[in-house]
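The values are calculated or read from the model by the stated rules, or taken from the named source; none is laboratory data. This structure is a prediction, so every number in the text was calculated from the model and none was measured. Glycine gets a Cβ as well: all are built from the backbone with ideal geometry, and neighbour counts include every protein chain shown.
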Amino acid sequence: MKKLKYILSCAGIMMLAACGDDSSSATNGEKYILDEANQKFALIYDRCYVSENTTRWDEYVDTTWFHYKFIGDTLVVIKDGNTADGDDDGYVRDEGDVYVGGHAGNIFGTWKTTKEYCYYENGKIRCYDDEEDKGVEETFFTLNVSKSNLTMSWELEKSYCPAEDFEYELEDVLLYNLDEEDYSINRSDCNTVKFNVNGKSVTATVSVYMGGDDVVTREITYTSGNKTCQNVFKKVHKLLQMPASLCNANDMSKYMGKESGYPHKYKVDNDDEFYPCISDMLGMEIE
């Protein structure tokens with residue numbers, strides 16, 4: 001039986017201690033800290049814990065700290081560390097994400113990461129264009145800051161083509177194990193990829209969507225003859241609050257797993273059911 005190294009479930013779609021003054025401590029149930037004087041802010045998280053067939057939702061579990069700076073009318077946000085990771089080593093990092101849309105020198109307002117991939121490192125901002133290795137981002141972050149609230153969220157870029165990402169993933173997997181003459185791939189549109197491998201013709205239909213709770217869901221349905229396999233992958237970016245809607249015993253006890261090294265980062269998928277299905281469909285062993 002031929003072997004296929006399967007890496008497709010993790011989609012290409014996709015991061016200090018508090019000061020003592022009054023502005024840098026959360027009150028009245030707030031899930032953020034803003035310290036304008038020292039140009040710092042923090043997000044405070046609730047977490048879901050899974051054990052057997054039960055779940056537990058704990059509030060105010062850990063905190064991620066950031067510091068920020070302005071370069072012209074651009075806001076640079078640099079992650080310092082999360083209290084659960086234990087990575088606050090005292091080192092002041094100088095690499096971060098680039099936000100635009102607000103007013104120069106003023107954290108209050110609505111800031112968004114750029115459509116083209118831009119990053120800040122050691123005093124400079126660099127942006128890739130479409131001709132380089134990384135062009136348009138498939139997601140972007142929004143930072144909303146007011147006198148009474150601070151939130152971070154993400155959105156899918158409207159021009160994002162999920163089948164394009166999926167096509168590249170297929171090529172990486174198949175090229176890793178097979179010669180080029182042993183397979184063919186054709187993208188029909190932004191939601192459909194057809195491929196032939198090991199004598200099987202397969203149509204993969206891809207959909208990626210994001211709900212209002214910051215959960216990105218990718219569903220891929222593989223069809224070959226009368227056999228169908230479906231792979232479902234849900235993810236909340238590790239900088240964002242996982243919604244309580246995902247903290248339920250039916251789904252989480254079966255599909256949720258903590259990722260190594262990140263006690264607060266979770267993924268949800270049906271890989272245990274999907275791998276045997278796709279292996280049988282293709283007649284190939286999944287590594």
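Descriptive notes on the structure:
- Of all residues in segment 42-57, those being loosely packed, with under 12 Cβ neighbours inside 10 Å and either touching a Phe, Trp or Tyr at 6+ places or on another chain (Cβ under 7 Å) or assigned to a loop (DSSP other than H, G, I, E, B) (or both) number 3.
- Counted residues, segment 211-225 - those being in contact with a strand residue (DSSP E or B) (Cβ under 7 Å, 6 or more places away or on another chain) and either over 14 Å from Val193 (Cβ atoms) or polar (S, T, N, Q) (or both): 7
- Looking only at residues of segment 120-141 that are within 20 Å of Met152 (Cα to Cα) and either within 17 Å of the chain's Cα centre (by Cα) or acidic (Asp, Glu) (or both), we find that the one that is modelled with the lowest pLDDT is Glu137.
- Cβ-Cβ under 6 Å pairs, at least 6 apart or on other chains, segment 35-50 side of a type in the set (A, V, I, L, M), far side surrounded by fewer than 18 Cβ atoms within 10 Å (Cβ to Cβ) and part of a strand (DSSP E or B): Leu43/Tyr32; Ile44/Tyr60
- Scanning segment 101-114 for residues that are surrounded by 15 or more Cβ atoms within 10 Å (Cβ to Cβ) and at negative phi turns up Gly102, Ile107, Trp111, Lys112, Thr113, Thr114.
- In segment 206-224, the residues that are of a type in the set (Ser, Thr, Tyr) form Cβ pairs under 8 Å with partners that are assigned to a loop (DSSP other than H, G, I, E, B), at six or more places apart or across chains, as follows: Ser207/Asn191; Thr217/Gly211.
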